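The next block holds one structure in the form of structure tokens; read it before the comments.
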Amino acid sequence: MSTPLLRVEGLHVAFGAKTVVEGVDFAIARGEKLALVGESGSGKTVTALALLRLLHGARVNGQALFDDGQQPRDLLALSERELRGLRGDDIAMIFQEPMTALNPLMTVGEQIAEVLRLKRAISYAEAAQAAVELLAKTGIPEPARRAGAYPHQLSGGQRQRAMIAMALACEPKLLLAD
């Protein structure tokens with residue numbers, strides 16, 4: 001049996017004295033889809049954010065072994081610098097609410113291109129063209145025009161598609177969709 005892409009064992013998340021996620025275990029193989037299902041407030045979003053250590057003020061325990069094909073690494077034990085290297089490249093997240101995740105002062109094309117420039121070190125022109133292509137892949141009509149739009153100028157569904165395009169920009173091995 002091959003090593004899973006991600007194996008989470010004994011994940012606990014607490015804010016102060018309040019435990020909000022307790023003893024979560026799961027594994028995801030390469031190419032597999034896994035859904036965490038539960039009622040509102042059950043900890044689905046907190047679990048995903050904890051894996052990328054994006055929870056301010058939380059105490060997170062357990063293991064989250066990510067196997068990028070080299071050697072499995074515990075996401076919860078990596079330094080911030082090491083984890084920053086994985087975010088976007090190897091692990092990406094589609095956030096639940098695009099209006100809070102997207103920068104209102106930048107066009108959606110600029111935001112997607114920024115990810116590509118930072119992670120792939122490509123030119124502005126190449127990144128801008130890739131951003132349009134990514135928007136087209138998500139099914140946004142008139143992707144070149146939409147790339148020049150600010151988040152508030154898009155519908156909710158188009159903003160969500162822009163978030164998907166941004167998350168897929170660097171072809172991550174693991175995609176977390178909230």
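Computed quantities for the displayed model
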item: Residue in segment 45-60 that is over 20 Å from A177 (Cα atoms) and open to solvent by 80 Å² or more (accessible area, probe 1.4 Å) present; result: yes
item: Subset tally (residues that are part of a helix (DSSP H, G or I) and open to solvent by 20 Å² or more (accessible area, probe 1.4 Å)) for segment 105-123; result: 7
item: Candidate set from segment 77-99 (those that are in contact (Cβ under 8 Å) with a residue 60 or more places away in the chain and open to solvent by less than 60 Å² (accessible area, probe 1.4 Å)); member that is farthest from the chain's Cα centre (by Cα); result: P98
item: Hits in segment 16-30 (condition: open to solvent by 80 Å² or more (accessible area, probe 1.4 Å) and either free of Cβ contacts under 8 Å to residues at least 60 places away in the same chain or acidic (D, E) (or both)); result: A17, K18, E22, D25
item: Scope segment 132-178; condition farther than 29 Å from K44 by Cβ and without any contact (Cβ under 8 Å) to a residue 40 or more places away in the chain; matching residues; result: V132, E133, A136, P141, E142, P143, A144, R145, R146, Q153
item: Options A77, A27, A35, A50; residue that is part of a strand (DSSP E or B) and either farther than 30 Å from G156 by Cα or of a type in the set (A, V, I, L, M) (or both); result: A27
item: Matching entry among G148, G156 (being more than 17 Å from the chain's Cα centre (by Cα) and under 23 Å from L54 (Cβ atoms)); result: G156
item: Any hit, segment 101-118, residues being hydroxyl-bearing (S, T, Y) and closer than 28 Å to L34 by Cβ; result: no
item: Any hit, segment 55-62, residues being closer than 23 Å to Q160 by Cα, of a type outside the set (F, W, Y) and part of a strand (DSSP E or B); result: no
item: Subset tally (residues that are open to solvent by 40 Å² or more (accessible area, probe 1.4 Å), assigned to a loop (DSSP other than H, G, I, E, B) and either closer than 17 Å to L105 by Cα or at pLDDT below 95 (or both)) for segment 142-178; result: 6
item: Unmet criterion (only one of (1) at pLDDT below 95; (2) part of a loop (DSSP other than H, G, I, E, B); (3) open to solvent by 30 Å² or more (accessible area, probe 1.4 Å); (4) of a type outside the set (F, W, Y)) for D68; result: (3)
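The values are calculated or read from the model by the stated rules, or taken from the named source; none is laboratory data. Just so you know, these numbers come straight off a predicted model, no measurement behind them. Because the Cβ atoms are built from the backbone with ideal geometry, glycine has one as well, and the counts that use them run over all protein chains shown. Surface areas here come from the heavy atoms of the whole protein model, side chains and all, with no ligands, DNA or RNA. Shrake-Rupley method; radii C 1.70, N 1.55, O 1.52, S 1.80 Å.
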